[in-house]
1. Given the conditions (1) part of a loop (DSSP other than H, G, I, E, B); (2) in contact with a helix residue (DSSP H, G or I) (Cβ under 8 Å, 6 or more places away or on another chain), which single one is not true for L122?
2. Counting only residues that are among the β-branched types (V, I, T) and modelled with pLDDT of 95 or more, which one in the range 262-302 is farthest from L172 (Cα to Cα)?
3. Output the residues belonging to the range 178-224 that are part of a loop (DSSP other than H, G, I, E, B) and either hydrophobic (A, V, I, L, M, F, W, C) or buried (at least 16 other Cβ atoms within 10 Å of the Cβ) (or both).
4. Whether any residue in the range 114-127 is on the phi < 0 side of the Ramachandran plot, at pLDDT 95 or above and of a type in the set (S, T, Y) is what I want to check.
5. Can you pull out every residue in the range 61-81 that is modelled with pLDDT under 75 and within 22 Å of V236 (Cβ to Cβ)?
6. Take residues that are within 10 Å of L123 (Cα to Cα) and tell me which of the helices (runs of 4 or more DSSP H) falling wholly in the range 234-300 contain 3 or more.
7. Among the numbered criteria (1) farther than 23 Å from R89 by Cα; (2) crowded, with 17+ Cβ neighbours inside 10 Å; (3) touching a strand residue (DSSP E or B) at 6+ places or on another chain (Cβ under 8 Å); (4) of a type in the set (K, R), which single criterion is violated by K146?
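The values are calculated or read from the model by the stated rules, or taken from the named source; none is laboratory data. Predicted model only: the values in this text are computed from it and were never measured. With ideal geometry, Cβ positions are generated from the backbone for all residues, glycine too; neighbour counts draw on all protein chains shown.
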Amino acid sequence: MFSSCRRCVRFEGPFRGLRPVLRSLGLILGLGLGGSLAQAGPSDFAIYTLRLGGEPEAAQPYIDRMAAEIEKAAGWAKGSAKGRFLTSRKEVQSFLDAQKPGFGILEPWLYFELRQSQKLELLVQVDSADLNSPRLHVVVKDPAWKTLADLKDKKLWTHLADSPAYLSRVVLDGKQPAQQHFQLKQVGSAIKAARAVLRGEADAALLDDEQLAMAQKLDGGAALRAVYSSVPQPSVAVVAFGAVLPADKQAALRKALLNLCAGAGAATCTEMHIRTFVAPNNTLFQEAQRRFDGTAGTGKGK
């Protein structure tokens, strides 16, 4: 079982390693009704978040318990849901291409990237202190650097190097084109990025509030500071793949998820670091969508 201590450094149990604010891995869970994962259907779903880590085999019992709770909440047949744990974006894309899931729990940047091509419909969002990054900071050590403009051609380590459009338009609010302005390096661990800055291996790292606070407690970490802080960022989203999951089933799923973490499902949600599922903050998602589409943001360098 996960540790319930948000200030603990390590997890207890299968999702072991550094706590999720200091380690970024992909998680995908494919669930299908009545058959193997090779037989996809509208009740399959995928999860992809960046703040859980672990081993697929050890995670399986937790996935099975979540599957059982979803079955009960959604009215599916007992034992009809099957799941597995994967740990890379490449595996995520392969799963989406092959399995055609009906819905998913996705990082906001992946939701925006896939929104049009996969006909995604936003159902609810995840309320979780451990899975969400409400605000992101470009963090440096060198005292000479004061703004993003000072980081021209400098090395930025971030979990969003593979999503430069989201990084540029949503996180940086159009102030700098990430691919052209920085030397980007994709890194799955926030603490690794912070330590690289402290060692001089990287010039800057992208960290959220809690990651920055914890990185500042490292040896020499007091020198770390933000030269840029983002506006509020959207939460992890639960979305329906519109071409697969019909509208009536989307409505039923939304209702089930809104009640999933209350009562019998509470322990399972806690294991997965989900406090609850709530109605999406449409204002925040719509504003981020406008920035992602290039119709909002100042575009002024800083």
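1. (1)
2. The first filter runs over the range 262-302 and keeps only residues among the β-branched types (V, I, T), leaving 268, 270, 274, 276, 278, 283, 295, 298.
Next cut, modelled with pLDDT of 95 or more only: 276, 278, 283.
Numbers: T276: 29, V278: 27, T283: 18 Å.
Here the answer is T276.
3. Of all residues in the range 178-224, those part of a loop (DSSP other than H, G, I, E, B) come to 182, 187-189, 200-203, 216-220, 224.
Within the range 178-224, F182, V187, G188, S189, A202, D203, Q216, L218, L224 qualify.
4. no
5. Correct list: A81 only.
6. The helices (runs of 4 or more DSSP H) meeting that bar are 247-260.
7. The number of the failed condition is (2).
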